[in-house]
Each structure stands twice: as structure tokens, then as C-alpha cells.
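None of the figures in this text is laboratory data; all of them are computed from the coordinates on show. All values reported here derive from a predicted model rather than from experimental measurement. Cβ atoms come from the backbone with ideal geometry, glycine included; neighbour counts cover every protein chain shown.
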Amino acid sequence: MRIDRHLAAFAALNGAMSVALGAFAAHGAGPAVKTLLTTGAHYQLAHAILALVCALWPDRPRLVTVSGWLAGVGGLIFALALSSIGLLGLRVMGAVAPIGGLLMIAAWLLLFVAAFRSLSNVVE
């Protein structure tokens, strides 16, 4: 199995950042900000895990690699946008959060296509 070390490292940093963000939300953020930070941390962690899974995928097709990067970058953008709204009051970042969301959705859809292609190769 070959590992995409760059994607794995990015996923690990994303995971660490999400845990830090979640901890701050739980222990240091006011009630008005807590929900934004917690939501961002949850999505970021879930997509860091998805990116790591893609980095470790056996005989990884290109679609899986792209899916991993979209998941990691999308989770990061989404979490940073919500954090910017909550911590800095930058309401304009509300227009950026959906970009992260679209990247995360695209990651899951690409992974579906890659898995379906892999399955059809086995069946043939």
C-alpha cells in the first residue's frame, strides 16, 4: 500500500486543529460563539478523517486523492469561516462557509464515483 504522505500530514494537522477548536469552544468561548465553533470543529474533524482514509486507500485512484484534498480543504475553509464569524465578527465570512460546504459535498460524491468504479472493475 502506498500512502499519500502530503494528504495524510494535512489531514493530521486538520484533525489537531479541529480538536483545539472544539476544546476552545467547550472551555473558553462564550455561549453565542460556542455553537459556531463546535459546528466548525465537528465538520473539520469528520473531513480530516475522510482525508486520512483517502490518503490510506489501497491502490488509490486519482478520484480518491482529489476527494481527500477536497474534504480536507473544504473542512478547513468551513471551520475557518465559522470561526471568523464567531471570534472576529466577520459576518462576510458567511458567504465563504458555503464554499467549504460545497467542497465537502463534492468530496463525498467523488468518493462515491471512485468506489462505484472500483466495484464495477471487480465485478467485470
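Filtered by the rule that a residue be in a helix (DSSP H, G or I), farther than 27 Å from Leu56 by Cα and not hydrophobic (A, V, I, L, M, F, W, C), region 10-32 gives His27, Pro31.
Within region 48-68, is there a residue that is within 12 Å of the chain's Cα centre (by Cα), within 22 Å of Ala11 (Cβ to Cβ) and of a type in the set (Phe, Trp, Tyr)? Scanning region 48-68, I find no residue that is within 12 Å of the chain's Cα centre (by Cα), within 22 Å of Ala11 (Cβ to Cβ) and of a type in the set (Phe, Trp, Tyr), so the answer is no.
With the condition kept exactly as written, say whether any residue in region 62-74 is surrounded by fewer than 20 Cβ atoms within 10 Å (Cβ to Cβ) and polar (S, T, N, Q). Yes: region 62-74 contains one or more residues that are surrounded by fewer than 20 Cβ atoms within 10 Å (Cβ to Cβ) and polar (S, T, N, Q).
Total residues in region 77-105 satisfying the condition of being more than 11 Å from the chain's Cα centre (by Cα), part of a helix (DSSP H, G or I) and among the small types (Gly, Ala, Ser): the figure is 7. A count restricted to region 33-71 and to residues that are free of Cβ contacts under 8 Å to residues at least 60 places away in the same chain, in a helix (DSSP H, G or I) and out of contact with any His (no Cβ under 7 Å at 6 or more places or on another chain) stands at 27.
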